[in-house]
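**Student:** Starting off with a structure, shown below.
The values are calculated or read from the model by the stated rules, or taken from the named source; none is laboratory data. Keep in mind it's a predicted model, so treat the numbers as computed, not measured. Virtual Cβ from ideal backbone geometry, glycine too; neighbours counted across all protein chains shown. Just so you know, the surface numbers come from the protein's heavy atoms only, side chains and all, with ligands and any DNA or RNA stripped out. Shrake-Rupley method; radii C 1.70, N 1.55, O 1.52, S 1.80 Å.
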Amino acid sequence: GEDVEQSLFLSVREGDSSVINCTYTDSSSTYLYWYKQEPGAGLQLLTYIFSNMDMKQDQRLTVLLNKKDKHLSLRIADTQTGDSAIYFCAEVPNSGYALNFGKGTSLLVTP
Amino acid sequence: NAGVTQTPKFQVLKTGQSMTLQCAQDMNHEYMSWYRQDPGMGLRLIHYSVGAGITDQGEVPNGYNVSRSTTEDFPLRLLSAAPSQTSVYFCASSLRGREAFFGQGTRLTVV
């Protein structure tokens, strides 16, 4: 099947902003998700956006959605060392059940 | 609510052995799924179920069986373990089209 695409690595300095990008596949996806996975742990839902929204802000997190280009981004303001993790973008295709995940972006925050 | 509970957390098997990974959820979710996570491969769907008595194959089903006799439980069976099945396994549950909740994972090593 078609792939959800993400860059694999991102390194930022503590206090800078991080932007993680994702290209998804199904223009009819109703919800788009960002998950965070810390080392040795499961995936936790970080935030999500409805397909009829362009932007969603939640404290340090900003999600931008460009439906025309099927592009999703996650911005983390004032990135902290605790933000170091793998971030997964996910969509729910038109079939409505199985989430389709990107391969994940490893974010490394350096002091 | 406990959410999604997976057992065991760690397991070592010898080639050819069989075992069952347990998954239970207490959120009355209709949809449950099993993923495996390997370095650089992201999350790959093994099997999924859209309700009790209904299961279907995902992207990488070979070597695995599932059943869904109740809404709560969705065990994953390895019939004859192979080194290629060394991986981290995640169970997830959701309502249709909504975010998935993940268990903490089972780290399986086949020697």
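**Student:** Among B:Phe101, B:Phe74, which is open to solvent by 70 Å² or more (accessible area, probe 1.4 Å) and touching a residue at least 24 places away in the same chain (Cβ under 8 Å)?
**Tutor:** Numbers: B:Phe74 fails: open to solvent by 70 Å² or more (accessible area, probe 1.4 Å).
That would be B:Phe101, the only listed residue that is open to solvent by 70 Å² or more (accessible area, probe 1.4 Å) and touching a residue at least 24 places away in the same chain (Cβ under 8 Å).
**Student:** Scan segment A:86-111 residue by residue and report those that are assigned to a strand (DSSP E or B) and either open to solvent by less than 10 Å² (accessible area, probe 1.4 Å) or touching a helix residue (DSSP H, G or I) at 6+ places or on another chain (Cβ under 7 Å) (or both).
**Tutor:** To start, the set of residues in segment A:86-111 that are assigned to a strand (DSSP E or B) comprises A:86-91, A:100-101, A:105-110.
Answer for segment A:86-111, where residues must be assigned to a strand (DSSP E or B) and either open to solvent by less than 10 Å² (accessible area, probe 1.4 Å) or touching a helix residue (DSSP H, G or I) at 6+ places or on another chain (Cβ under 7 Å) (or both): A:Tyr87, A:Phe88, A:Cys89, A:Ala90, A:Glu91, A:Thr105, A:Leu107, A:Val109.
**Student:** Looking at segment B:54-71, which of the residues that are modelled with pLDDT of 95 or more and among the small types (Gly, Ala, Ser) is most open to solvent (accessible area, probe 1.4 Å)?
**Tutor:** B:Ser69
**Student:** Could you please give the count of residues in segment A:48-62 that are more than 10 Å from every other protein chain (Cβ to nearest Cβ), within 18 Å of A:Ile76 (Cα to Cα) and in a strand (DSSP E or B)?
**Tutor:** Residues that pass the stated criteria total 7.
**Student:** In this structure, does B:Val50 turn out to be assigned to a strand (DSSP E or B), surrounded by fewer than 21 Cβ atoms within 10 Å (Cβ to Cβ) and at pLDDT below 95? I'd like the intermediate steps shown before the answer.
**Tutor:** Working: assigned to a strand (DSSP E or B): yes; surrounded by fewer than 21 Cβ atoms within 10 Å (Cβ to Cβ): yes; at pLDDT below 95: yes.
So B:Val50 passes the test.
**Student:** Separate question: With respect to the numbered conditions (1) at pLDDT below 95; (2) out of contact with any Lys or Arg (no Cβ under 8 Å at 6 or more places or on another chain); (3) within 14 Å of chain A (Cβ to nearest Cβ), which one is the sole condition not fulfilled by B:Gly40?
**Tutor:** Exception for B:Gly40: condition (2).
**Student:** Of everything in segment B:4-28, what is closer than 14 Å to B:Val88 by Cβ, open to solvent by less than 50 Å² (accessible area, probe 1.4 Å) and outside any strand (DSSP E or B)? Give them in sequence order.
**Tutor:** Result: B:Pro8, single match.
**Student:** If A:Thr25 meets every condition in (1) closer than 27 Å to B:Thr55 by Cα; (2) touching a His at 6+ places or on another chain (Cβ under 6 Å); (3) not hydrophobic (A, V, I, L, M, F, W, C) apart from one, which number is that one?
**Tutor:** So the condition that A:Thr25 fails would be (2).
**Student:** Take the residues in segment B:66-94 that are within 12 Å of B:Gln25 (Cα to Cα) and out of contact with any strand residue (DSSP E or B) (no Cβ under 6 Å at 6 or more places or on another chain); name whichever of them is farthest from the other protein chains (Cβ to nearest Cβ).
**Tutor:** Only one residue fits best here, namely B:Thr70.
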